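Read the structure below first, then the notes.
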Amino acid sequence: MVKAIEAIRIEPLKTKQFDKLKVNVFDSRRSLGVSAGIDAAAKIKELLASQKQLRMIFAAAPSQNEFLETLCTIEGIDWSRITVFHMDEYIGLSVDAPQRFARYLCNKLFDRVQPREVLLIDSTQSSEEECARYSALLQQAPIDIVCLGIGENGHIAFNDPAVANFQDEQTVKVVELDTACRQQQVNDRCFAEIGEVPTHAMTLTIPTLMSGKHLFCMVPGLSKRVAVRRTLNEAISIACPATILRQHPDCSLYVDMESYGE
């Protein structure tokens, strides 16, 4: 277990409401991540006070670094009562590839806090069988909290515009990644060039993510400015899948001045 640190929530520079979506604007990605981590920890403790166990889904991306660092060092969270999932995984990478999202989350959070159960997508297996297996695990009980980001093309998880479906009947599915999504992985310095980025992945679908009771969405950085603007201002459609977050009954979006752009 990691040593707890004192985390102090910084009040946002401004708060806004876009339909049902609560938007918190911070001066830096650091204050964004710390404050989001503190808020998520408070929600975890609140829920654990009234129920025996919790089920949470996490995103794997550099945009989540400060949030995860804060979350895993806050005192008083009983991780032994929390089951954790992740929301997507590449197909075609070796099991020990450093870019695997399961590896990222284990390094950043899961191995450090030791949850009750860590349920990972195994993309080295048959895609059809693995989607069915992971779907069954997700469907065993409601999802309490989803911690996510937004991609440069407006995707949530790996639901790029070309494959996003707000009424998807699947829980987990195989998708082909679009060029903008794959280029983002290069921009994030996860891969040296786009030819190294896998073309396919497994992802939780949009209805699966939206089924979470409480959503925390962390989106820092200048590269996300267009995606944030589209999420907040465009019509709700799969052209920018993240626009659907404006319909969730309890989703909080955390942005910095670079990503918010005002």
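Kindly check whether there is at least one residue in segment 25-34 that is open to solvent by 30 Å² or more (accessible area, probe 1.4 Å), closer than 24 Å to residue 262 by Cβ and either of a type in the set (Ser, Thr, Tyr) or assigned to a loop (DSSP other than H, G, I, E, B) (or both). I'd like the intermediate steps shown before the answer.
First, the residues of segment 25-34 that are open to solvent by 30 Å² or more (accessible area, probe 1.4 Å): 27-30.
Next, only the ones that are closer than 24 Å to residue 262 by Cβ stay: 27-30.
Still in the list and also either of a type in the set (Ser, Thr, Tyr) or assigned to a loop (DSSP other than H, G, I, E, B) (or both): 27-28.
Taking every residue of segment 25-34 in turn, at least one turns out to be open to solvent by 30 Å² or more (accessible area, probe 1.4 Å), closer than 24 Å to residue 262 by Cβ and either of a type in the set (Ser, Thr, Tyr) or assigned to a loop (DSSP other than H, G, I, E, B) (or both).
Within segment 37-46, does at least one residue satisfy the condition of being under 27 Å from residue 184 (Cα atoms), open to solvent by 10 Å² or more (accessible area, probe 1.4 Å), under 17 Å from the mean Cα position of the chain (by Cα) and not basic (Lys, Arg)? No: zero hits. Evaluating residue 194 against the criteria (1) under 14 Å from residue 88 (Cα atoms); (2) open to solvent by 10 Å² or more (accessible area, probe 1.4 Å) leaves one unmet condition, (1). Taking the criterion of being assigned to a helix (DSSP H, G or I) and open to solvent by less than 20 Å² (accessible area, probe 1.4 Å), the residues of segment 116-140 that qualify are 130, 131, 134, 135, 138.
Within segment 141-156, the set of residues being open to solvent by 10 Å² or more (accessible area, probe 1.4 Å) and over 14 Å from residue 82 (Cα atoms) comprises 149, 152, 153, 155.
State yes or no: is residue 253 aliphatic (A, V, I, L, M) and open to solvent by 10 Å² or more (accessible area, probe 1.4 Å)?
So residue 253 does not fit the description; no.
For segment 213-226, the tally of residues that are surrounded by 24 or more Cβ atoms within 10 Å (Cβ to Cβ) and either over 17 Å from the mean Cα position of the chain (by Cα) or within 11 Å of residue 261 (Cβ to Cβ) (or both) stands at 1.
For residue 200, the conditions (1) out of contact with any strand residue (DSSP E or B) (no Cβ under 6 Å at 6 or more places or on another chain); (2) surrounded by fewer than 22 Cβ atoms within 10 Å (Cβ to Cβ) all hold with the exception of (1).
Can you find even one residue in segment 94-115 that is open to solvent by less than 80 Å² (accessible area, probe 1.4 Å), under 28 Å from residue 242 (Cα atoms) and of a type in the set (Val, Ile, Thr)?
Within segment 94-115, the first condition is being open to solvent by less than 80 Å² (accessible area, probe 1.4 Å), and the residues that meet it are 94, 97, 99-102, 104-106, 108-110, 112-113, 115.
Next cut, under 28 Å from residue 242 (Cα atoms) only: 99-102, 104-106, 108-110.
Next, only the ones that are of a type in the set (Val, Ile, Thr) stay: none.
So far as segment 94-115 goes, no, none of its residues is open to solvent by less than 80 Å² (accessible area, probe 1.4 Å), under 28 Å from residue 242 (Cα atoms) and of a type in the set (Val, Ile, Thr).
Where helices (runs of 4 or more DSSP H) fall wholly inside segment 158-243, the ranges with 3 or more residues that are touching a residue at least 40 places away in the same chain (Cβ under 8 Å) are 206-210, 225-233.
Scanning segment 53-72 for residues that are farther than 20 Å from residue 211 by Cβ and either surrounded by fewer than 18 Cβ atoms within 10 Å (Cβ to Cβ) or in contact with a Cys (Cβ under 6 Å, 6 or more places away or on another chain) (or both) yields 62, 65.
The values are calculated or read from the model by the stated rules, or taken from the named source; none is laboratory data. Here the structure is a predicted model, which means the values were calculated and not measured. We place every Cβ from the backbone using ideal geometry, glycine too, and count neighbours over all the protein chains shown. Ligands, DNA and RNA are excluded from the accessible area calculation, which covers all protein heavy atoms including side chains. Shrake-Rupley method; radii C 1.70, N 1.55, O 1.52, S 1.80 Å.
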